[in-house]
Structure formats: structure tokens, C-alpha cells
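J.: Take this structure, written in C-alpha cells, and hold onto it; I'll ask about it next.
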């Protein structure tokens, strides 16, 4: 126990400030300001790997580390789409995952935000569309924010999530 | 002379990784060869089929040789003799080969493996580049799971969408109370047509797709691809490039073990481990970004060398970070070892005895935790591993605790290798020009962090990729996980699963 506590004390607090939201990542604007006022930043996220190479998942995992400390911002990954406000989806969407992704989307309550992650989630990436790949996430479910990169850095993924829960006007007011 | 020796003597060397040889066998000799190699201690590394010309290939490692058996299949309607009774790992590979090429084995289990509802049974992905004639189904297909019957037995279906941040797959548990009687996996959900895609891109761009077969093994796959390609290009890799590739491969091993050692602590209810190791991993990734230009080295290994030559100072900083990492990891290892609760979860969970591991063909670090000592860096070394004397990690208990111990040992050894590589880094170019590849088949073979990664590359007459088969060690290890969970309780599955941490994407292709 002493060793554990000693190690915790030795490391201290390593969390860094969160990035700003980024309007350039927005695909569509669906979020009402009234909803945002209720939601604030207490956001729950369900991650769905719809066919990725698992590279994006590695950087999404990093959001939970003490440096990015996503829970410190009030944002939490949850185990069921029924508990989620936002789906964080990596792609390309494989045709074998198409039904599962649609069902996950249907099971998610409003506001049902969707952030597409990575080059493949945004465009189909290097895999493109073929007999087994349906390509970008927006080909299968509506997308609010899309963040490219292979894989995108944790800061960029976090900026994309924050963009999804910021309306342009709220952002202006916040200045 | 032993029969396997005579086989190897009659074979011819294949370009690419040193020690790889190929031999054409007749239908009658195919099973005989597989049996002879098995009797000599051989292990199946991969089995795949080509649609044009129709053929089946089995890559079997016997000591310091990888022998690729090639069987022509003149009549696709007549199944070729299956070898799953000799090498159980072949079973799913044979089913996948049938899905991709229409070439079937005589094996009794003829259920589709990678093909779900997405494309019709008569569509052969590697036989045509046109889209399937019919639209994909909109309903999930019915898959014939093996049913377990009896008093109090019930099923728990899990997935394809899992509860954590992980890849999709389906697990069907048959349980009594909390105890697992049987687990049946169903994979293929992230099948995205990688093998067909390879045939649509230029040979000199193939390393980018190879790196994305399984993102966590990007260096292993892109190196194996480049090794095969360079074998056909007849270009001599600059020494510095080879050493930098090994630096990247060990860096990838360190990153993955750091991530998993934290996640394993977390799965045992010890969140401290996750916080500590994920911080260490973040520091390591930032050091890689500073030295090699990328956090994850998806575009570092390129044909002819590597993408960036790190400065002397950057390498020194990387070594410094590696030493710090090893130091803190050793401290946390003591904490794990002395923590009653963690030991209680790790010890005896998900055991795979050495005999079972050998029979099923368990590979990689998981194999080394169950007494299977093969490590390509030691058994079939090429530059710079031939000069590095990699120390083998080995345990025989085969449980979660053993896999954790092997990971800790390999983490420490990789840090030592990073130091040794930087200390002995040759000067010179970090990359060379690569000409157009000649027609032919070459094999790339690299011991990735998870186990042996193989690329079989065939280049056609005009320098285009005719066929490329990437093989991830998860193919061998997924079926073993079904055995590891038997008799354990359902709540231990995430922990046992994480101790192997197998790739879905690398397997589903």
C-alpha cells in the first residue's frame, strides 16, 4: 500500500488543459441551444468500431489517460448506446458491421450526436468502398462532426467531441 | 534422412525473409508433407488460397526454416485435402480461404467464416473485381453455433458491439451458473476487403495498406511487406535503415505492452495500474513523435528504408525515456506482484497448459507464457537481430499471471534492445531508392509484439500486386482463447481476453 501511495504522490497531477472546440470539424448543426443548456458538458459517449484497423481505438483509449483526463471534463464512456448522448464511430463501416451500427444508432436516445473518427470514418480512407466496405460513416448514419487523421491525435478527437456539444452561438457567447 | 529434411532439401529459397523456402507438392504429397513437418516439430504459420491460378499454400516453420507448400487446384469443384486434423489452427484459415476464393477443403466444418450477410455465397471476392450481383442483405444472417444442452445450461450472446472501447466480434458463452462450459467465437465483422484492395494499389504503396491490417502492429506488418517487396526489387537495404526498423519494432512492442499491462490491472479491479501505465505509454508515444515523427508508426517503414532519420539528440532522448519507462514499470511490477487482490485474479485464470498450447499451435508472447519458446527474432534472425542476442522470455504456467510476467520481461528486454540499437546504430543513409519489383512471390516474416507476422506477396508481369496475403498471429491464438476460458467464470473473461489481446482487424482482413 505504501509503495502504491508513494508512486501516486511521486507522479502528481499530469492532466493538461483541454483543447478548444473547432468549427472546421463540423459537418452539420443539429444541437439546439436548449438541449445544450440541459446537457452542459455532462456527456456520455458510446464508442463503436465499425470496421477500423484499431489504430483510432488506441488514440481514443488515450483520452482516458491522466494526461487528457476526459472524465475530468465531465465526459464519460459508457457501455450501452441506451446510456449515450454521442456515438464516437470509427470506420470504414464494414458491410458485416452495417446492421450492428444502424441498430446501435437506433438504440441511442436523442440528441443522438455522431462524431466520425479518422480518415476512414471521414472518407473510407485507404480501404474505400468495395464488396465488403460501405466506406465513410456518413454513408450509413448521419454524422455531426468528422475528425480526420490516421489516427487523429487525442487532442483532435477531444476537440471534435467538444465541437459536437458546442453550438456556434454558445461558442460566441463563451468568448 | 528424416522425411522433413528431404522435403526442405528439395525446396528452393524464396525471396524476402532469409530462411524461407518454397516447394510445389502434388495432391498426394500435400498431407504427407504437412504430417512430416509436424512430426519434426513444425508449426503452421499461415494457410491461404489464390483464386488465379487456383492454389492453396501452407507456410510451416520447422526450426530455422519456413517452408511454403504450394498445391495447385486444377478443379475448384473438387475439395483439396484439409490439414486441420494435423494443425488445428488451419481450420478457420481453410474456411476463410473458401470464402475468399471458392476453393474448399475436405474438412467437415464448411460454415462460412469471413462471409456473413454482406455478399452472396456465389460471389468470390478474390476471383473478380466486380461488385456482387445482388445487394447486401439487410438482416443479420443465421450462423449455426454449436449448442450445449443439459440441465441449467444457458447461453450468453455478447457482441458484435462490445461494452468497452474494443473491436467488434461475437462471443457465444454456454454457461451453468457463472461457470463457462463452452465459448464459441464468431469473427469477421471488420472484414473490409483488404486482400482485394491490395490488388488495386501500386506495389510501392502496399506498405501503407499493410500497416493498416492491424494498427497496433503497423511496424511489424509494414516491415514484413517491405521485406517481401525488397526481395523482389533486388535492392540492398542500407544498414542504418534495418537498425531503425528494429528500433521502431521494439518501440511498438513497448507501447503495446504498456497499454495492456495497465488495462490488465484495471480488469483486475486495480485502477491504479491503468492510470500509471497509460501515463507511461503517453510519455513513450510523445517521445516517439519527437524522435521518429509519429506517435503510432503507421507510416514509418517505407520501401527502401524508413521515413525519417532521427537526430543524435532525438535518439538520446528516446533512450532516456525508455530507461525511465523500464524503471517505473519495474516498480509497478513489484506492486502488482505484492497485491493480494491482483494476484488472486491473475493466478490460475485462463490457463493454457504447454501440451495444449503445442497441440493448438499457440504463438507469440502468449505461446511463450505456455512453454512454446519460438521467437523469430531468435530462431530466424536477420539484421540487426542476428547481432543483438535477444533474450527469450519463457514461462510454463500458461495463466494470466504468466502472460503478464512474459509481457513485463519482454518490455524490459525491448528497452534493453532500444538502448543497444541506439548505441550501435550504424551511420549512413536511412533509405535508398527502390526500383520496380520483378515478377515473383516473396515472403516477409517479422516477430511482431503479438507474435509472428507474415506477408506473402506475388507481383505480376507489369510490377503490379497480383496477390498479397497478410497473416496476423491472432489466427492461431483466437481458437486457443476458447479453450483458455473453459471452467472459468464469465466475469473473468475480459481479463483473460485482455491478457491475450488479439486483433480482430488483423484476423478479419
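J.: Counting only other chains, what is the mean number of Cβ atoms within 10 angstrom of the Cβ of each residue in peptide B:115-122? Before the final figure, lay out each step's value.
T.: Details: counts 3, 7, 4, 10, 5, 1, 0, 0.
That average works out to 4.
J.: Sorting B:12, A:104 on the 10 Å Cβ count, fewest up front, what's the list?
T.: Values: B:12 8, A:104 22.
Ranked by crowding around the Cβ, least crowded first: B:12, A:104.
J.: Also: Tell me, rounded to the nearest percent, the portion of alpha carbon pairs in chain A spaced more than 27 Å apart.
T.: Details: 4007 of 15225 pairs.
Looking at chain A, the distances longer than 27 Å represent 26 percent of pairs.
J.: Report the per residue volume, in Å³, of the convex hull enclosing the C-alpha atoms of the protein assembly as shown.
T.: Details: hull volume 108.5 nm³, N = 684.
Convex hull of Cα atoms, per residue: 159 Å³.
J.: With both partners inside segment B:3-101, how many of the DSSP beta bridges are antiparallel, as a percent to the nearest 5?
T.: Working: 17 of 23 bridges.
Around 75 percent of the beta bridges assigned by DSSP in segment B:3-101 are antiparallel ones.
J.: For the residues B:179, A:102, B:498, A:112, what sequence is obtained by ranking on other C-beta atoms within 10 Å, fewest first? It would help to have the intermediate numbers written out before the result.
T.: Working: B:179 11, A:102 14, B:498 21, A:112 18.
The order, fewest Cβ neighbours first, is B:179, A:102, A:112, B:498.
J.: For the pair residue B:153/residue B:373, report the inter-label distance in nm, with labels modelled 7 Å from Cα in the Cβ direction.
T.: For the pair residue B:153/residue B:373, the computed spacing is 4.1 nm.
J.: Sort B:417-428, B:280-291 by the packing proxy (mean of other Cβ within 10 Å over each peptide's residues), most packed first.
T.: Most protected by this proxy first, the peptides run B:280-291, B:417-428.
J.: Which FRET efficiency value, to the nearest 0.05, do you get for residue A:102 and residue B:1 by plugging their Cβ-Cβ distance into 1/(1 + (r/R0)^6) with R0 = 51 Å? Before the final figure, lay out each step's value.
T.: Values: r = 60 Å, r/R0 = 1.18.
Calculated value: 0.25.
J.: Given 0.36 nm per residue, what is the gain on full extension from residue B:358 to residue B:424 after removing their alpha carbon distance, in nm? Write out the running numbers ahead of the final one.
T.: On the way: separation 66, 0.36 × 66 = 23.76 nm, distance 3.65 nm.
Gain on stretching residue B:358 to residue B:424: 20.1 nm.
J.: Then there's this: Give me A:26, B:27, B:212 sorted ascending by neighbouring Cβ count inside 10 Å, so fewest comes first. Intermediate results must be reported in sequence, preceding the final value.
T.: On the way: A:26 17, B:27 13, B:212 27.
Fewest-to-most Cβ neighbours within 10 Å comes out as B:27, A:26, B:212.
J.: Please give the length that would be gained between residue B:52 and residue B:40 if that part of the chain were fully extended, namely 0.36 nm times their separation in residues minus their C-alpha to C-alpha distance (nm, one decimal). Spell out each step's value before the answer.
T.: Details: separation 12, 0.36 × 12 = 4.32 nm, distance 3.19 nm.
Between residue B:52 and residue B:40, full extension yields 1.1 nm more.
J.: Further question on the same structure: Take the Cα radius of gyration of chain B and divide it by 2.2 N^0.38 Å, with N its residue count; two decimals is plenty.
T.: On the way: Rg = 22.3 Å, N = 509, 2.2 N^0.38 = 23.5 Å.
That works out to 0.95 for chain B.
J.: Given R₀ = 60 Å, what would the calculated FRET efficiency be for residue B:330 paired with residue B:26, taking r from the Cβ atoms and rounding to 0.05? Provide the component values of the computation, followed by the final result.
T.: On the way: r = 55 Å, r/R0 = 0.91.
In this case the efficiency is close to 0.65.
J.: Could you tell me what percent of the DSSP beta bridges with both partners in segment A:43-159 are antiparallel, to the nearest 5? Write out the running numbers ahead of the final one.
T.: Numbers: 1 of 17 bridges.
Here the share of antiparallel DSSP bridges comes out near 5 percent.
J.: Residues in segment B:144-180, backbone N under 19 Å from the label point at residue B:108 (7 Å along the Cα-to-beta-carbon vector): list them, ranges by number please.
T.: Flagged as within label range: B:144-149.
J.: Starting from the Cα of residue B:78, step 7 Å along the direction of its Cβ; do the same at residue B:290; then give the gap between the two resulting points in nm.
T.: 6.5 nm
J.: For chain B, what does the relative contact order come out to in percent, with C-alpha contacts under 8 Å and a separation of six or more?
T.: Details: 1046 pairs, mean separation 93.0, N = 509.
Reported as a whole number, the value is 18 percent.
J.: Roughly speaking, what is the stretch gain from residue B:202 to residue B:181, that is 0.36 nm per residue apart minus the C-alpha to C-alpha distance, in nm to one decimal? Walk me through the intermediate numbers first.
T.: Working: separation 21, 0.36 × 21 = 7.56 nm, distance 4.81 nm.
2.7 nm is the gain from fully extending residue B:202 to residue B:181.
J.: Quick one: if the Förster radius is 30 Å, what FRET efficiency do residue A:80 and residue B:486 give, using the C-beta to C-beta distance and rounding to 0.05? Provide the component values of the computation, followed by the final result.
T.: On the way: r = 28 Å, r/R0 = 0.93.
With R0 = 30 Å, the Cβ-Cβ based efficiency is 0.60.
J.: What's the angle, to the nearest 10 degrees (0 to 90), between helix A:154-164's Cα axis and the longest principal axis of chain A?
T.: The helix A:154-164 is inclined about 70 degrees to chain A.
J.: Hey, what angle do you get for helix A:95-107 against the long axis of chain A, alpha-carbon based, 0 to 90 degrees rounded to 10?
T.: Orientation of helix A:95-107: about 60 degrees from the principal axis.
J.: Then there is this: Relative to the longest principal Cα axis of chain A, at what angle does helix A:2-11 sit, 0 to 90 degrees, rounded to 10?
T.: Approximately 70 degrees, to the nearest ten.
J.: Where does segment B:1-91 land on Rg(C-alpha)/(2.2 N^0.38 Å)?
T.: Numbers: Rg = 12.4 Å, N = 91, 2.2 N^0.38 = 12.2 Å.
Taking the Cα Rg and dividing by 2.2 N^0.38 Å, one obtains 1.02.
J.: Okay, next question. Within segment A:70-84, what residues put their amide N at less than 20 Å from the label point 7 Å along the Cα-to-Cβ vector of residue A:110?
T.: A:81-84, by backbone N distance to the label point.
Each value in this text was obtained by applying a stated rule to the coordinates, not by laboratory testing. Computed from a predicted structure; not experimentally measured. When we count neighbours, we look across all protein chains shown, and the Cβ atoms used for this are built from the backbone with ideal geometry, even at glycine.
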